[in-house]
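Okay, so here's the structure we're looking at.
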Amino acid sequence: MTLSEYFSLVFNDYTLRTITLGTAVLGAICGMLGSFAVLRKQSLLGDAISHAALPGIALAFLITGAKNSNTLLIGALISGLIGTFWIRGIVKKTHLKSDTALGLILSLFFGFGMLLLTFIQKMPNANQAGLDKYLFGQAATLVESDVWLMCIVTGISLIVLLVFWKEFKLLLFDVDYTKSLGFNTRILDVLITSLIVLAIVIGLQTVGVVLMSAMLLAPAAAARQWTNSLGVMIFLAAIFGAFSGVLGTAVSASSNNLSTGPVIVLIAATFVIFSFIFSPGRGLLFREIRYWKNRNDLHLHKTLSFMYSIAKTHDDISHPHAVKILNNFQGYTKRSLKKLESREYITVNNAMWSLTQKGYNKVVNMYNQQENND
Amino acid sequence: MSEKIAITVDDLTVAYNYKPVLWDIDLVIPEGVLMAIVGPNGAGKSTLIKSILDIIKPIAGSVKIFGKPYKKQYQHVAYVPQKGSVDWDFPTTALDVVMMGTYGSLGWIKRPGQKQKKAALEALEKVGMLEFKSRQISQLSGGQQQRIFLARALVQNSSIYLMDEPFQGVDATTEKAIINILKELRKAGKTVIVVHHDLQTVPEYFDWVTFLNVKKIATGPVKDIFNDDNLTKTYGINYKVSIQQ
């Protein structure tokens, strides 16, 4: 099946439609909540939570013997939450910093999860195959009930987000100030963390525990490049997430059922790289262009202010001077002289230059402007 | 100056990991003063402010705002945190940050409307930042960011203002502008408490002062207690040469 075949089938084929819808919704909610994680500088929390979910999945299977995804996800949710609370506990009660706590819990839980997974694989039970799809995700296994669950969680998150929009924005920007205004930051914190945990858990089947955090962070990081408004950023992150989800699933399904997680993450990463380079305000490309432009302007300004220092000794500022006297001065070239002329700062006439009123004003204001821009 | 007490701090002790930051602080701040808190680095100045605001929980002691705990009185208190305490690359505009000052009186869930926007614009004008209202906050200079924080507190229209180093990293013009606003607040009967570093300007700017170095050294009107003795006790070196009035 090629990519174009895949998309032509999406509208008719029930399974494909379910999978596509599911990954779109998942990408959207991850992008949305991921923006919060990024802005709270808790990017790694998602990574720890998703890895911490693995032993829960394995234990849920061992206890119930069922491979039903909802049962396993409840296991994932419980162990993900335990991991989150332990991280908080470690940060609060010990001198360890949060990166250490995250790293500890992440590897501890993941190690335990892998141990259980290998143990399950050695069990004489035909039913065990397929648990390893939770490592890297397999969107093809999504069924309608999974998609419904995703839609419900997304709906709840969206409502919570809209209702507490003001409070969340305040919390993200300035925690201490939020407290001083009498808001209970603990409630807000628990609310937002629970939503992130929920989003991670429902994404495990599709993206897998190993790469789930990228699904949270990549769309948000890409979205931040394009806007300076929180609302627009969250909206864009949801769109980027949805597109990564849909495209990633399409690519993986159309090429021999590759693991979905890595493909989705690679596509999300493409969004990030594109945004880092090409976004107009913050992108590397435009920054470099601005840098060169500023550099050139600086050379011009240098020349211009030197001209000013000569011209101001005369009563008439437009008194003509020989171009030759500029020779002693670095930064003067024929090109820069032409440029100054094209901006009407000077006029050049027979190897003589003279400052215009406009050029004069430019120099006088140049230093003030620099102060203003500071 | 009225006889009403704005803030009462009673036996306040705060510690991070066994190390006391504030030790048994007693403080009675009358309403309507413009007070500086001075002391060396690590003296607990910011911690004292945060303890008054109930942001940091003390291991002992209590704080009362107009005779009641902070939880019941937060609407009467406005806070200007240290500028460095937030990420200025946050995706928002200057006006939006100032609007945050209205969130407290709005309470949970309710959204700010035209009335709140008008108040925010007025505050921006007061600090001379109206023309920057739509500016992304990372594009503002340090002094402008400080003024945005001040405007955010002004919007709260509180009785008590607690400010953590509002003069840090601002130029002389901004400093004058800020102190004029603070003096205006005091004239309007507000209580203003400022963590301050520049000892030279204390007599000029403030009418009350608290010397702090883990313990409280002294508190009172500047003209009575701002002297070499207290400065030496607080900073541990002789200040006779540097502060001559």
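Mean separation of Cα pairs under 8 Å and 6+ residues apart, divided by the residue count of segment A:150-301: what relative contact order is that in percent? Kindly include the intermediate steps, with their values, before the conclusion.
Details: 126 pairs, mean separation 27.7, N = 152.
Worked out over segment A:150-301, it gives 18 percent.
List residues of segment B:60-77, by number, whose backbone nitrogen lies under 12 Å from a label position 7 Å along Cα→C-beta of residue B:115.
Those under the cut-off are none; the list is empty.
Quick one: the Cα spread of segment A:1-56 along its three principal axes, in angstroms, biggest first?
Answer, in whole Å and largest first: 41, 28, 17 Å.
What's the tally of Lys pairs in segment A:3-279 whose alpha-carbon atoms lie under 29 angstrom apart, where the two lysines are 8 or more places apart or on different chains?
Within segment A:3-279, the lysine pair count is 18.
Calculate, axis by axis, the spread of Cα positions in segment B:147-245 along the three principal axes, and write the results as whole Å, longest axis first.
Sorted from largest, the Cα extents of segment B:147-245 read 41, 27, 24 Å.
Suppose the chain between residue B:41 and residue B:223 were pulled fully straight at 0.36 nm per residue; how much longer would it get relative to their current alpha carbon spacing? Intermediate values should be presented prior to the final figure.
Details: separation 182, 0.36 × 182 = 65.52 nm, distance 2.42 nm.
So the chain would gain 63.1 nm between residue B:41 and residue B:223.
When a/c is below 1.5 the answer is rounded, else prolate if a/b is larger than b/c, else oblate, so apply that to the protein assembly as shown with a ≥ b ≥ c taken from the square roots of the Cα gyration tensor eigenvalues. Show your work: numbers first, answer last.
Numbers: a/c = 2.50, a/b = 1.26, b/c = 1.99.
Taking the square roots of the gyration eigenvalues as a ≥ b ≥ c, the protein assembly as shown is oblate.
Once you order the gyration tensor axes a ≥ b ≥ c over the Cα atoms, which shape class does segment B:124-205 get: rounded for a/c under 1.5, otherwise prolate or oblate by comparing a/b with b/c? Walk me through the numbers on the way to the answer.
Details: a/c = 1.96, a/b = 1.29, b/c = 1.53.
Oblate.
Is the shape of segment A:98-198 rounded, prolate or oblate, going by the alpha carbon gyration tensor and its root eigenvalues a ≥ b ≥ c, with a/c under 1.5 for rounded and a/b larger than b/c for prolate? Display every interim value, and only then the final one.
Working: a/c = 4.31, a/b = 1.76, b/c = 2.45.
Judged from the Cα gyration tensor, segment A:98-198 comes out oblate (a/c at least 1.5, b/c at or above a/b).
Taking H placed 1.01 Å from N in the peptide plane, check which residues at least 5 places from residue B:220 or on another chain put their amide H under 5 Å from its amide H.
Placed amide hydrogens put B:209 under 5 Å from residue B:220.
Once segment B:15-108 is represented by equal point scatterers at the alpha-carbon sites, with solvent omitted, what log10 I(q)/I(0) does the Debye formula produce at q = 0.11, 0.20, 0.24 Å⁻¹?
These q points yield log10 I(q)/I(0) values of -0.43, -1.23, -1.43.
Using alpha-carbon pairs under 8 Å, 6+ residues apart, how would you state the relative contact order of segment A:3-279 in percent?
Working: 441 pairs, mean separation 92.2, N = 277.
That works out to 33 percent.
Greater than 21 Å separation of Cα atoms is the criterion. Which listed pairs, B:50/B:83; B:19/B:45; B:115/B:187, meet it? Show your work: numbers first, answer last.
Details: B:50/B:83 14 Å; B:19/B:45 15 Å; B:115/B:187 25 Å.
Too far apart for the 21 Å limit: B:115/B:187.
Counting only DSSP beta bridges with both residues in the protein assembly as shown, what percent are antiparallel, rounded to the nearest 5? Working shown, then result.
On the way: 27 of 44 bridges.
Counting DSSP beta bridges with both partners in the protein assembly as shown, the antiparallel share is about 60 percent.
For residue A:321, enumerate residues with amide H under 5 Å from its amide H, sequence gap 5+ or separate chain, H modeled in the peptide plane.
Correct list: A:353, A:354.
Taking H placed 1.01 Å from N in the peptide plane, check which residues at least 5 places from residue B:215 or on another chain put their amide H under 5 Å from its amide H.
B:23
For residue A:44, what is the net charge nearby, where nearby means another residue's Cβ is under 14 Å from its Cβ and Lys, Arg count +1, Asp, Glu -1? Walk me through the intermediate numbers first.
On the way: positive: A:40, A:41, A:88, A:97; negative: A:47, A:99.
Within the 14 Å Cβ shell, the charges total +2.
Give a residue-ordered list of calculated ³J(HN,Hα) values for segment A:47-54 (Karplus: 6.51 cos²θ - 1.76 cosθ + 1.60, θ = phi - 60°; whole Hz; x for Gly, Pro).
4, 5, 4, 5, 5, 5, 6, 4
Calculate, for residue A:114 and residue A:70, the FRET efficiency according to 1/(1 + (r/R0)^6) with r their C-beta to C-beta distance and R0 22 Å; round to the nearest 0.05. Don't skip to the answer; put the middle values down first.
On the way: r = 23 Å, r/R0 = 1.04.
That pair, residue A:114 with residue A:70, gives E of 0.45.
Show me, for segment A:141-151, the HN-Hα J-couplings you get by feeding each phi into the Karplus relation (A = 6.51, B = -1.76, C = 1.60, θ = phi - 60°), rounded to Hz, glycine and proline as x.
8, 5, 10, 4, 5, 4, 5, 4, 4, 4, 5
Give me the Å³ per residue figure for the convex hull around the C-alpha atoms of chain B.
On the way: hull volume 32.8 nm³, N = 245.
Hull volume normalised by residue count: 134 Å³.
Separation of segment A:33-101 and segment B:139-194 by C-alpha centroid, Å?
Comparing the Cα centres of segment A:33-101 and segment B:139-194, I get a distance of 43 Å.
Enumerate the lysines that residue A:302 could reach by cross-link, defined here as Cα to Cα under 29 Å, with residues fewer than 8 away along the same chain left out.
A:293, A:312, A:324, A:334, A:338, A:339, A:358, A:362
Please compute, for the alpha-carbon atoms of segment A:286-373, the extent along each of the three principal axes and give them in descending order in Å.
39, 26, 22 Å, listed from the longest principal axis down.
Note down the relative contact order for segment A:286-373 as a percent, whole number, built from C-alpha pairs under 8 angstrom at least six residues apart. Please report the intermediate quantities before stating the final value.
Working: 74 pairs, mean separation 27.4, N = 88.
Contact order relative to length: 31 percent.
Got a sec to turn the phi values of segment A:301-308 into Karplus ³J(HN,Hα) couplings, 6.51 cos²θ - 1.76 cosθ + 1.60 with θ = phi - 60°, whole Hz, x for Gly and Pro?
Using θ = phi - 60°, the values come out as 4, 4, 4, 4, 6, 5, 4, 4 Hz.
Any read-out appearing in this document is the output of simple, stated calculations on the displayed coordinates, not a laboratory observation. Being a predicted model, the structure only gives us computed values, none of them experimental. Reconstructed Cβ throughout: ideal geometry from the backbone, glycine too, with neighbour counts over all protein chains shown.
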